[in-house]
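Notes for the one structure printed next.
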Amino acid sequence: MKIPTISSDAPYSASQRAWLSGFFAGMHSQLLQSANTVVQTEARVVNILYGSQTGNAQSVANDAATAAKAHGLKPLVHSMDEITAAQLSVMATVLLITSTYGEGEMPDSVQMLWDEVAKLSETTWYTMHYAVFALGDTSYDLFCEAGKNWDNKLAELGALRLFDRVDCDVDYEEPAQAWLALVVPHISGTQQTAAVLDMSAPLEEKPQYHRKHPFPAALVVNRLLTAPHSSKETRHYEISIAGSGLHYEAGDALCVIPSNCPTLVTDIIAALACQGDEDEPVKGELMSLRDALSTHYEIKTPSKEFIEELAKRSGDQHLNGLVNATDKQALSDFLWGRDTLDLLRTYPICEFSAAEFLGLLKPLQHRAYSISSSSKVSPDTVHLTVASVRYHSGGRDHKGVCSTFLADLVTDSTKVKCFFLPNKVFRVPEDNTVPMIMVGPGTGIAPFRAFLQERQARQAIGKNWLFFGDRNADTDFIYQDELNAFKEQGVLTRLELAFSRDQEDKIYVQDKMREHGAELFAWLVEGGYFFVCGDAYRMAKDVDNALHQLIATHGNLSEQQALDYVNQLKKEKRYVRDVY
Ligand SMILES: Cc1cc2nc3c(=O)[nH]c(=O)nc-3n(C[C@H](O)[C@H](O)[C@H](O)COP(=O)(O)OP(=O)(O)OC[C@H]3O[C@@H](n4cnc5c(N)ncnc54)[C@H](O)[C@@H]3O)c2cc1C
Ligand SMILES: NC(=O)c1ccc[n+]([C@@H]2O[C@H](COP(=O)([O-])OP(=O)(O)OC[C@H]3O[C@@H](n4cnc5c(N)ncnc54)[C@H](OP(=O)(O)O)[C@@H]3O)[C@@H](O)[C@H]2O)c1
Ligand SMILES: Cc1cc2nc3c(=O)[nH]c(=O)nc-3n(C[C@H](O)[C@H](O)[C@H](O)COP(=O)(O)O)c2cc1C
């Protein structure tokens, strides 16, 4: 049995690489210990359960199924919203693969099953053998919390853990392959390694362009949507996919791989007292420090490793107190508005060589954007609606990496590296007659512009109702002309507007929902779909509360009955969200 190695060109920091190597060594010894107790499962079925918001966990689940098939197992792949606790309880072998969302929360597709299972207190699930692969991002306080909760709960219910859970950071592909190379042969009872896995016939075809092989697209339109004197900047982009063979659906997202702002790169090189031309090994090849910082590493948002190292090297009491506190809120508050450069400048006593510094950074990630066009109207271009992140803090202007890459850095000669993120749930209903209710304040309007285009192109007769809002009507009513045209053409049946800062007291989309609660409930009773897009942390939660309340009020239901009603909408995929 071969222990997978984490290749030195993989974009992990030294500490991440050491952790992963240690983890797999530990897993290997566990495997040897339990090799004689492999459980032969019923008809060699392996249940592969995934909870995914944007497709990563689903892609690991598909790879798991391919690997299982290659080992003579019968993989049954289920999204976690397709099964109940009763069905789960009788599964003999389970590979559970889930991401974490919001602030340490379950992905939407997992929440209902979790609510059911979390309530259970029996300890009779001892016929189940399971392993959990958790996807997350170490920049969040509650790293891989959903996976951790499942792992603990299944053990508490009496199920037997086959392997220690893997908690995986944003670069999940290599750890996932290594995990599968151990877990799947163990379950099948065959001791094959990754080298002999037949991964040639994946169950779901891999897209032509993906994270590791993005499409180089031209940015053909970059237009300001908000007024020049607005307090925010939201832009409309059109990205050409002509000749690529690519296709998208309204509801999908486009992921953009940015490069960092050259001024920030120069300032960081100066803060490190380097020149920028130092040769550094990155992914197995030598490149200059400047190039590495420009295109390979996240240099704006400080990594946990960097902050911890800074605390250690500086010996600063305040910073050490924040880093070591159990409650991370004070550290989050301290970091709000401070980027990596601010921290380097705050603790000049800490000197880093170029290699040390790079070793403490996370790989630069793509950013996802909900597509704001329908391919029925724009087959060759993808439209995006992006708020540029710009703020002043600590005496400096700060810019969001990707939103301002699109706004400021892409020129006629620069290509935008991108790939699609399909969202099979967040779609215009196939039935052209059912009503759609769409709640999308701010950039949350993006997919609903696409939905309205889609419905118009399909000549769908179903009613459409949009709840939109932003700060001020005169500066931030984006796509106003288009929305008015949709209304005149009868595509947009109702438009409710909530401009939060046009009066003393805030008015939000959920206030408008409550105001029109009776009609909204009537649309749901008619079979309507309820879509939400935009901010996950405040707006989506408040909209969810308002939905429960108006269903209780206008359906004459108790709190519990309203909850059941909402859960039924979720089960029928009539309440779906694209929130971030
Ligand atoms: C599925 C999905 C769909 C999405 N769709 C859209 C979309 O349609 N349109 C859209 O605009 N975005 C969308 N996003 C969000 C988008 O992916 C990016 O997160 C967003 O553009 C910011 O990225 P950035 O690289 O510009 O900023 P980053 O470099 O990632 O910086 C953002 C960080 O800056 C800090 N920050 C921001 N504002 C302030 C402030 N005022 N003060 C202090 N610190 C601050 C915060 O720490 C914040 O996390 C979507 C996200 C997902 C997951
Ligand atoms: N998770 C994330 O990182 C995340 C989430 C969402 C947005 N963003 C980023 O923030 C930037 C701006 O986003 P945006 O244009 O979509 O939205 P936004 O500017 O944050 O807000 C749009 C509208 O929603 C209102 N709003 C605030 N709190 C609300 C609540 N609890 N319920 C309902 N409405 C509420 C705002 O009002 P007031 O501002 O007047 O209160 C404003 O009118 C973008 O860069 C976006 O990517 C990031
Ligand atoms: C809005 C948002 C919130 C997130 N919250 C967390 C979190 O609290 N903890 C964590 O470990 N990861 C968090 N993540 C990271 C995701 O779990 C990670 O990107 C994962 O690979 C997504 O997998 P999926 O595509 O299968 O959903 C968050 C990501 C987004 C976009």
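In order along region 259-267, the phi-based Karplus estimate (6.51 cos²θ - 1.76 cosθ + 1.60, θ = phi - 60°) of 3J(HN,Hα) comes to 10, 7, 5, x, 5, 5, 4, 4, 5 Hz; Gly and Pro are listed as x.
Tell me, how many Å apart are the Cα centres for region 523-574 and for region 378-457? If we compute the Cα centre of each part, the gap is 25 Å.
Listed by chain and number, the aspartates and glutamates whose C-alpha is less than 18 Å from the C-alpha of Lys417, apart from same-chain residues fewer than 8 away, are Asp171, Glu238, Asp252, Asp291, Glu298, Asp380, Asp408. For Lys304, the lysines whose Cα comes closer than 19 Å to its Cα, not counting residues fewer than 8 places off in the same chain, are Lys312, Lys328, Lys362.
List every residue whose amide H lies under 5 Å from the amide H of Tyr575, counting only residues 5 or more places away in sequence or on a different chain, with H placed 1.01 Å from N in the peptide plane. Long-range HN contacts for Tyr575: Phe530, Lys570.
With R₀ set to 41 Å, the beta-carbon distance separating Val90 from Asp291 gives a calculated FRET efficiency near 0.15. Going by neighbour counts of Cβ atoms within 10 Å, the residues Trp179, Trp523 line up, fewest first, as Trp523, Trp179. Taking every alpha-carbon pair within region 262-359, the share separated by more than 17 Å comes to 51 percent. Sorting Met438, Met112 from the fewest to the most surrounding beta carbons within 10 angstrom yields Met112, Met438. Exposure proxy shown here: for Met539, Met106, the number of other Cβ atoms within 10 Å sets the order, fewest to most, as Met539, Met106.
Kindly provide the helix-only [θ] at 222 nm of the chain, computed as the sum of -39,500 (n - 2.57) over DSSP H runs of four or more divided by all residues, to the nearest 500 deg cm²/dmol?
Helix contribution divided over all residues of the chain: -10500 deg cm²/dmol.
For a paramagnetic label modelled on Thr301 (point 7 Å from Cα along Cα→Cβ), amide N atoms under 19 Å away belong, within region 150-193, to 167-173. Considering all C-alpha pairs of the chain, those separated by over 46 Å amount to 17%. Structure shown: which of Lys541/Lys570; Lys506/Lys570; Lys212/Lys573; Lys232/Lys512; Lys69/Lys573 lie over 21 Å apart, alpha-carbon to alpha-carbon? In this structure, Lys506/Lys570; Lys212/Lys573; Lys232/Lys512; Lys69/Lys573 exceed 21 Å between Cα atoms. Backbone geometry of region 336-347 corresponds, through the Karplus equation with coefficients 6.51, -1.76 and 1.60 at θ = phi - 60°, to 3J(HN,Hα) couplings of 4, x, 9, 10, 4, 5, 4, 5, 4, 6, 6, 10 Hz, x marking Gly and Pro. For the chain, a simple Cβ point-charge model (Lys and Arg +1, Asp and Glu -1, everything else neutral) yields a dipole of about 760 debye relative to the Cα centre. For region 262-359, the residue among Ile349, Cys274, Ser332 whose Cα projects farthest onto the positive side of the dipole built from Cβ charges is Ser332. Phi angles across region 508-516 convert, under the Karplus curve 6.51 cos²θ - 1.76 cosθ + 1.60 with θ = phi - 60°, into 3J(HN,Hα) values of 10, 4, 5, 5, 5, 4, 5, 4, 10 Hz, Gly and Pro given as x.
The magnitude of the dipole of region 262-359, with charges of +1 and -1 set on the Cβ of Lys/Arg and Asp/Glu and taken from the Cα centre, is near 300 debye.
No lab work stands behind these numbers, since they all come straight from the coordinates. Keep in mind the model is a prediction, meaning the values are calculated, not measured. So basically every Cβ, Gly included, is an ideal-geometry build from the backbone, and we count neighbours across all protein chains shown.
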